[in-house]
1. Size of the dipole of the range 2-139 about the Cα centre, Lys and Arg at +1 and Asp and Glu at -1 on the beta carbon, nothing else charged, in debye to 20?
2. For the peptides 38-51, 17-30, what is the packing order when you average, over each peptide's residues, the other Cβ atoms within 10 Å and list the highest mean first?
3. Going by amide H atoms built from the backbone, whose H comes under 5 Å of the H on residue 135, apart from near neighbours?
4. Tabulate in residue order the Karplus-calculated ³J(HN,Hα) for the range 63-70, using 6.51 cos²θ - 1.76 cosθ + 1.60 with θ = phi - 60°, rounded to whole Hz; enter x for Gly and Pro.
5. List the residues, sorted by chain then number, that are 5 or more residues from residue 14 or on another chain and whose placed amide H is less than 5 Å from its amide H.
6. Search the structure for amide H atoms under 5 Å from the amide H of residue 72, placed 1.01 Å from N in the peptide plane, and list their residues when 5 or more places away or on another chain.
7. For the chain, find the longest principal axis of its Cα atoms and tell me its angle to the long axis of helix 32-43, 0 to 90°, nearest 10.
8. Toward the positive end of the charge dipole of the chain, about the Cα centre and with charges on Cβ (Lys, Arg +1; Asp, Glu -1), which of 41, 86, 53 goes farthest?
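The numbers here are math on the coordinates, done by the rules we state, and not lab data. Computed from a predicted structure; not experimentally measured. Neighbour counts are summed over all protein chains in view; Cβ atoms, including those assigned to glycine, are modelled from backbone coordinates with ideal geometry.
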Amino acid sequence: MLKVIRKIPSDSIVRLGGMTDCFQPIESRCHITYEAIKELNKQGIGYLIVTKSSMVADDKYIRLMDKKLAHIQISITTMDDDLSRTYERACVPSQRINALEKLQQCNFDVSLRLSPFIPQYIDFKKLNTIKCDKILVEFLRVNT
């Protein structure tokens, strides 16, 4: 992995978690994402982290990530923890929102992703209380 990162042009942005979340539970044992971020920092390469995990806001990652290189997007589809447990295998939305707000407080470039956006799953009053400067909306497309 490190050899591959060293070949990436320094003006690139690498997406971590595009198809598979880079902060799955195994990360706490294997630290592959941690090592990748460490090398990206060393090479001065920007990175976009897309996750449904609160692990991205653990202190060790906050200390590691470079605020000039890191861009973080945390996804939710609902703000209801109980509802999310019926269809997701990720940490509950309240934990993700807490992580998002912690990263925002630490001055990282962070966005909340409503992905996919299902209006009946979002409590707009709660949404407006989240302390985050950016919200991205990704619509669910259903072919009929």
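1. Dipole about the Cα centre, nearest 20: 420 debye.
2. So the order, starting with the most tightly packed, is 38-51, 17-30.
3. Residues meeting the criterion, in which the H sits 1.01 Å from N, are 112.
4. Using θ = phi - 60°, the values come out as 5, 7, 5, 8, 4, 7, 10, 8 Hz.
5. Residues meeting the amide H criterion: 46, 47, 48.
6. 49, 109, 110, 111
7. 50
8. Farthest towards the positive end: 41.
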